[in-house]
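**Student:** Dropping a structure here in structure tokens format, bear with me for questions.
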């Protein structure tokens with residue numbers, strides 16, 4: 001069974017995924033990185049050239065392939081939950097963990113990450129904080145519906161998050 005990590009950008013999906021992968025000695029897959037590799041361009045370049053729909057279609061294709069995997073740790077893009085097929089596929093082949101993060105923490109992490117402009121193109125033209133708050137508000141019900149477990153990354157470090165995932169998933173009982 002796979003473990004899928006969902007949540008808004010900069011909530012820690014990749015960092016937690018890599019740590020969990022090491023702890024469990026299982027392969028790690030970052031769906032955004034897989035899209036970048038498949039497209040041979042950054043997400044920003046793809047969105048600029050072809051639009052968000054093209055990115056989302058390629059993201060869906062990558063997530064469709066994860067159903068064929070077993071015992072992987074998979075970090076998804078922040079908007080993966082927008083497509084009901086992605087949610088169905090994740091739930092069918094694994095357990096889904098929502099790394100919930102406050103808008104302020106997301107803003108601070110985005111500002112501290114030099115790759116933000118390349119890897120995280122804006123979703124709206126409303127400004128960073130307004131965008132984060134609006135998109136989180138719209139996506140919250142989708143994250144809630146998609147997940148088996150919610151962990152607040154504002155109050156937990158990577159090690160604590162990994163311990164809670166292990167404790168609260170079948171991986172912890174294996």
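Read-outs: derived from the displayed coordinates by stated rules, not from any lab. These numbers come from a predicted model, not from an experiment. Note: ideal-geometry Cβ built from the backbone for every residue, glycine included; neighbour counts use all protein chains shown.
**Student:** By how many nm would the segment from residue 164 to residue 40 lengthen if fully extended, with 0.36 nm per residue of separation less the alpha-carbon distance?
**Tutor:** 41.1 nm
**Student:** Relative contact order for the chain: what is it in percent, counting Cα pairs under 8 Å that are at least 6 residues apart?
**Tutor:** 33 percent
**Student:** Rounded to the nearest 5, what % of DSSP beta bridges with both residues in segment 2-167 are antiparallel?
**Tutor:** Percentage antiparallel, nearest 5: 0.
**Student:** What does the helix-only formula give at 222 nm for the chain: each DSSP H stretch with n ≥ 4 adding -39500 (n - 2.57), the total divided by the residues, and the result rounded to the nearest 500 deg cm²/dmol?
**Tutor:** Estimated from H runs of four or more residues: -17000 deg cm²/dmol.
**Student:** Taking the highest mean first, how do the peptides 92-98, 134-140 order by number of other beta carbon atoms within 10 angstrom per residue?
**Tutor:** Descending packing order for the listed peptides: 92-98, 134-140.
**Student:** While we're looking at this one, here's another question. Taking 2.2 N^0.38 Å as the expected size of a compact globular protein, what ratio does the Cα radius of gyration of the chain give against it, to two decimals?
**Tutor:** So the chain has a normalised radius of gyration of 0.97.
**Student:** Ranked by Cβ crowding within 10 angstrom, fewest neighbours first, how are 28, 55 ordered?
**Tutor:** Ranked by crowding around the Cβ, least crowded first: 28, 55.
**Student:** How high is the relative contact order of segment 25-107, in percent, counting Cα pairs under 8 Å that sit 6 or more residues apart?
**Tutor:** About 33 percent, as a whole number.
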